[in-house]
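Let me begin by presenting the structure, written as structure tokens, before commenting on it.
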Amino acid sequence: MSHNGMSDPTLLQVMEALDVLYSRTHPPSPQTVAQCNRFLVNVQKHHLAWDLAAHLLNVGWYGDPNPGHNAYPLVLLDGASSPQSGTLRGSGNVNYMFFAAHTWAVKLSRDWDTLGTSNGIGVYTKFQDPRYCRDMLLSWMIRLAFVGRRAPRVVLNKLMAAVVTFALRAPPSYFPDFPSSFASLCFLASTQLVSSAPTTPAQLHAVCVSTCQALFPSLYDSSLIGDVGGGADGRALEPAWPILLDPTALEPSLRNTVAAAVTTQFPSQEAYGAGAMDVVETLVRSIFDFVGSSVEEVRAAELVGARKTQVVSATTTSLPITVRLASIVLQVCTPPTHPVPENPRRDAAVDLVGSAAKFLEVSVGWGLETSTLAALPPDLIPYLLVCPTLESVADSSTFGFACEALTSILGAKACSQRIATSVINSLWGPRETGRSWARSLVLEAKDGGDPSTLAPLISLVAQLGESYSSLFAQCVREMGQPSTTSAEVLMVVQDLLETALAVSDWPGFYPEDEDVSQRLLPFWSYFAESISELEASAANDEPEESQQVTRQMQRASGPRSSTLSALISVLARKSSYPIPYSRFQGSPDIVQEQWKTYRTDAGDSAVAVAGAVRGEVVGWLVTGAVATMDEAVHEGGEGWQPLESMLHLLRYVAEEIPPRESETVPRIFTELVARILQWQQPEGNKRLRLAWVKVRYQTIMLCGAYSEWLQRHPSHLPLVVNLLVGGLAHSELAPAAASSLKNLCDNCRLALADGVDWLVGVYLETARAIQLLERTRVIEAVASVIQALPPSSATPYITQILTNVVGGIQGSLNALSVSTEPSAAEFSQRKLEICNGLNELIAFIKGVREVESIEISSDEEDTKRGSSHRAPTSLEGEEQSRELVLGTWNVVELIARKFVGDPTVSDTLCVLFTTVVRFPSASFPLLKFLEQPLNALVAELFCSVPKSNLLECAKVIVSASGSSKDDPNVVSSCVRLVQVLTERVATIITSEAAVEDQPAIVQCFFDLLTQSTRSLPVIILSLSAEAADYIFMKLVPTALTAQEKLAAKSVVIFLGEFFGKDVDGGELSLVVRQVVSRIGADVVRELLVNLAGRSPRFMVQAITECLYKLCIRYPEATRAALIQCLGQEGFPNTRVDAAAKQQFVKEIMTSRQLKRFQEIAKNFSLKCRGLENTAFGAVV
């Protein structure tokens, strides 16, 4: 007999193949390995594999019952024919057993349809009845559990996977109340074991046999094997063992079982090596592993409909039973007073605790109910740590499992503060040594241990910070004051914080020497934010006059300030460059990037501290920086790192410092900036020069960060401006100086207005000496100060700057004009100069833009000056402004026409055009005089060389013109612009192939039409008949069927906006109705096709909104179109039948709420795409 071309394999053939494959004495060749693999894979595909796996397990465990016999005999599980019946082998051929278990798992997953049928299966097989398969798998799990810890876990786990697969694939009646029924099965087996009280291995084997006979009668009574509908006598398919679903009923007997098993121990370990406690622990561990594995498999399984609901409900029901079981076992096996190190059962208990910990972690991830977790004794969860914490952590992998479980539990909403407090006490409570266990562990590792062993503990501390930082903050706030919290709790919290500080201050250079210091940065951020929230809440409850006193008392309070100041010192120390600096320079790029990331995260933690203590953090950092100043300046450049690090943190905390703060921030400028400014650039000494550059760079960035504070304290501005201007002259400092100068001028424009002459001079002097990016920042900074002047006063300065910028552009143009045949290098250089000049012009326009509000200085004189410098509402010196604008524009037009088609220049011009529109200015009113010339130039350029970014410019122009819709000149200019662009697009996009070739133009054109419909609907009304006919009768239908999805989406969005304009019965409403009457049915058809799968799912929302507006505005026409389209057989595809389509039409036509309409359309789309009731379909 053969199967798929393969003759029936025999048991001996399979055994021989496995022996060769896993031989240690004669390792097989690669060819032999490949041959054996092919044979074994084919065996697993064979219909006899069901029976072969059962016999192979017997042979692997009991030994070959009939050596040399080539037939395929039936072997009783526990019959007397077995040569070793009456005993259990402590070790067997694990390779045979694993392959057998794996074969069952594969068959159940891949060949489920061959189970429970006689078609193609040997006539003597018992696997014709699925109950036999179920009971065979479970019996082997029980059998292996009775061997205790010496059972091959790899086989047990594979059998477990096969059972889970069976339960998920089988109908509910085959495995009811899965996985609770498995927990009941293991509990009954352990109860039977303890009640029998075996004292020898032979007695234990007898208990195993009798237990299996009682629980799995189908394996021993062939009369119970029958057809799929039931047994031979018509019995149902349910398991023979009772299913316990009530944890309260289970608890007393289970507690007695576990307690009795703890004291039961076999006098002899030779033949078997396990006692009753081994078996109970293995059974209970199997429950944890099985339920946990079931949770993970159910989460990953692609179940649908009622089956999914039933399995999820049964899995959720099993969790409280197993959690209750975990609590009983943990309390009995590992009480806090139990001398675990001397306990001979310690290794088994550790394994058990590890399984329980992993189960609890998985259960919390599943969504364990709050009532279940909260009902546990608060001291139960810390028991997970008792075993591994009393001995060396490095010797117990269970420590990691326990901490991971605790991390998940503490992060769950179901976890109560009682449990968290109990965990904290168990780890940080006082010990005889005077230190807590956790802190001792950390300090020992810092003194030379392996920091990697702390990873689970650090994760646990981080989770505590995320979930219970408010508890720590409250305790710290109460330290040293009358408190409602016990002194013991306060001491434990203080010890926890010191442990966290010790981890954060791990010695060495991160990440090369250590990688643990950054892991608790989120902990400190949560902690500082909680302190800030507590103090803000307390301040709201106090009268204003007493808040200042409270703040002074807080500063004087030791624990709060000492903890946070110690943290700031740690952050400054760890975020400083290593000494010597050459070590950092020689580090790989990835190390440098990781260190920079750490530095950023450390800065964020310092910001959180500043949010809690405000100016205090500035005082701590300034004091530390001043203390390191001499070393940085005078010690040959070797000690600059601490000073630079503190300046870095001072820059970060600036965002949390109130602008009115006047006690500590002035010290930055009087004690640090002033002194650093006096430090002249060293000559010759490279190390000292490096120190000077690094320190001054951070100082410059720091000044920019405090620009808002300087706005209210302008007396420090001269010092800062001198520092920044000096930085522009240094290539390594210029980027920081330009950035800080821009921030300073944006925030302090009024205070700097009197010095605008000097600032303009600075720009003119440095413009050609610095890079383009820095140059644009400087010009934008100077322009923002000019903007604060009245237009008449600003004109001379604008003239100076524009003369410099436009003059440079004009010079490059003239150079190209003079040269009849410029070389490619010269042409590229001149083009680069022109683009740079345009970028400077863009920066200048941004700088002189109008701002929503002008800041007020704190000094009375500055306030008066600011009032006089406010930009007036009327334009002064209009003629001068016109000349400036038109002179600039003439150069721009010349560039546009000379470089027409050049992508680099064109892109820069488009940015200039949109900047002119988006940043209006009273001082330099480009748009006031360029409304029509700008529109005309955009249209001209697009007609010459069609580019999508020119359509983007047109969209911006139309959007900005919406506020001037009552101005006929503005409207007519926009109408002409869109008309010309439409006519040009009509010559480009003439077919569906053109849509695919020019998707960007199609997308941007419909975006322009959408914006026109939204901002200036009169544009659509004013288009010529030919243009309108092209848009609606040709381009819209063509773009709707395009494969290019962004273009298709843009037309759908336009149609949705357009159809929604039929609201007032005016001229536009008439146009919309005419369009709907002509192409409405075609639009509906294409929307349905795209909804059904032609378009990606990200377009469903846009399609739905367009269809919704059609249904609401034109219900009769839309209903008719829907019925006509969906009435066709096979439309939009064969996945939806006529009933589903009729239901869809009925639901959307009666729905008036957009949210409900979108839900209906989404479900129909998923059904058409074949994604209904799938995990992938639920993602979006």
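The values are calculated or read from the model by the stated rules, or taken from the named source; none is laboratory data. For clarity, every value in this text was computed on a predicted model and none was experimentally measured. Here the Cβ is made from the backbone with ideal geometry for all residues, glycine too, and neighbour counts use every protein chain on show.
Applying the criterion of being under 15 Å from ASP19 (Cα atoms) and at pLDDT below 85 to the residues of segment 36-60, the residue that is farthest from the chain's Cα centre (by Cα) is VAL59.
Between GLU774, GLU780, the distinction of being of a type in the set (Asp, Glu) and either within 16 Å of GLN800 (Cβ to Cβ) or not in a helix (DSSP H, G or I) (or both) belongs to GLU780 only. Annotation: THR699 fulfils all but one of (1) among the β-branched types (Val, Ile, Thr); (2) surrounded by 23 or more Cβ atoms within 10 Å (Cβ to Cβ); (3) farther than 30 Å from ASP757 by Cβ; the unmet one is (3).
Residues being under 42 Å from the mean Cα position of the chain (by Cα), modelled with pLDDT of 55 or more and of a type outside the set (Lys, Arg) are entirely absent from segment 875-884. Could you grab the pairs with beta carbons closer than 9 Å, sequence gap of 6+ or different chains, first residue in segment 47-68 and assigned to a loop (DSSP other than H, G, I, E, B), second one at pLDDT below 85 and aromatic (Phe, Trp, Tyr)? So the pair list comes out as LEU48/TYR72. The requirement of being among the aromatic types (Phe, Trp, Tyr) and over 30 Å from PRO790 (Cβ atoms) is satisfied by PHE899.
Does PHE1005 satisfy the criteria of being more than 14 Å from GLY962 (Cα to Cα), at pLDDT 95 or above and either part of a helix (DSSP H, G or I) or not hydrophobic (A, V, I, L, M, F, W, C) (or both)?
It is true that PHE1005 is more than 14 Å from GLY962 (Cα to Cα), at pLDDT 95 or above and either part of a helix (DSSP H, G or I) or not hydrophobic (A, V, I, L, M, F, W, C) (or both).
Identification of helices (runs of 4 or more DSSP H) wholly contained in segment 129-216 with 2 or more residues that are crowded, with 21+ Cβ neighbours inside 10 Å and touching a Cys at 6+ places or on another chain (Cβ under 8 Å) yields 130-145. The set of residues from segment 159-179 being over 34 Å from the mean Cα position of the chain (by Cα) and among the hydroxyl-bearing types (Ser, Thr, Tyr) comprises SER173, TYR174.
Checked against the criteria, THR315 counts as under 29 Å from the mean Cα position of the chain (by Cα), surrounded by 18 or more Cβ atoms within 10 Å (Cβ to Cβ), within 22 Å of ALA167 (Cβ to Cβ) and modelled with pLDDT of 60 or more.
Every condition in (1) within 21 Å of ASN722 (Cβ to Cβ); (2) crowded, with 17+ Cβ neighbours inside 10 Å is met by GLU765 except one, and the failing one is (2). Considering VAL622, VAL609, VAL626, the condition of being of a type outside the set (Phe, Trp, Tyr), surrounded by fewer than 21 Cβ atoms within 10 Å (Cβ to Cβ) and part of a helix (DSSP H, G or I) is satisfied by VAL626 alone. Just wondering, is there one or more residues in segment 1110-1118 that are buried (at least 23 other Cβ atoms within 10 Å of the Cβ), over 34 Å from the mean Cα position of the chain (by Cα) and either outside any helix (DSSP H, G or I) or not aliphatic (A, V, I, L, M) (or both)? Yes: one or more hits. Reported count of residues in segment 76-119, each being modelled with pLDDT of 50 or more and part of a loop (DSSP other than H, G, I, E, B), is 6.
Conditions tested, residue by residue: (1) modelled with pLDDT of 90 or more; (2) surrounded by fewer than 16 Cβ atoms within 10 Å (Cβ to Cβ); (3) within 18 Å of PHE1032 (Cβ to Cβ).
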{"residue": "GLU952", "(1), (2), (3)": "yes, no, no"}
{"residue": "VAL956", "(1), (2), (3)": "yes, no, no"}
{"residue": "SER959", "(1), (2), (3)": "yes, no, no"}
{"residue": "LYS965", "(1), (2), (3)": "no, yes, no"}
{"residue": "VAL970", "(1), (2), (3)": "no, no, no"}
{"residue": "ARG976", "(1), (2), (3)": "yes, no, no"}
{"residue": "LEU981", "(1), (2), (3)": "yes, no, yes"}
{"residue": "THR987", "(1), (2), (3)": "yes, yes, yes"}
{"residue": "THR990", "(1), (2), (3)": "yes, yes, yes"}
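Filtered by the rule that a residue be assigned to a loop (DSSP other than H, G, I, E, B) and in contact with a Phe, Trp or Tyr (Cβ under 7 Å, 6 or more places away or on another chain), segment 733-757 gives a lone residue, LEU733. Only one entry in ALA734, ALA738, ALA729, ALA751 is hydrophobic (A, V, I, L, M, F, W, C) and touching a residue at least 60 places away in the same chain (Cβ under 8 Å), namely ALA751. For segment 1168-1180, how many residues meet the condition of being out of contact with any Pro (no Cβ under 9 Å at 6 or more places or on another chain) and either at pLDDT 90 or above or assigned to a loop (DSSP other than H, G, I, E, B) (or both)? Matching residues across segment 1168-1180 total 6. Residues that are in contact (Cβ under 8 Å) with a residue 12 or more places away in the chain, part of a helix (DSSP H, G or I), among the β-branched types (Val, Ile, Thr) and farther than 14 Å from VAL985 by Cβ occur in segment 1020-1028; there is at least one.
Exactly one of these conditions fails for ILE1031: (1) under 39 Å from the mean Cα position of the chain (by Cα); (2) buried (at least 20 other Cβ atoms within 10 Å of the Cβ). Give me its number. ILE1031 satisfies every listed condition except (1). Does segment 682-691 contain any residue that is within 18 Å of GLU774 (Cβ to Cβ) and of a type in the set (Lys, Arg)? No - not one qualifying residue is present in segment 682-691.
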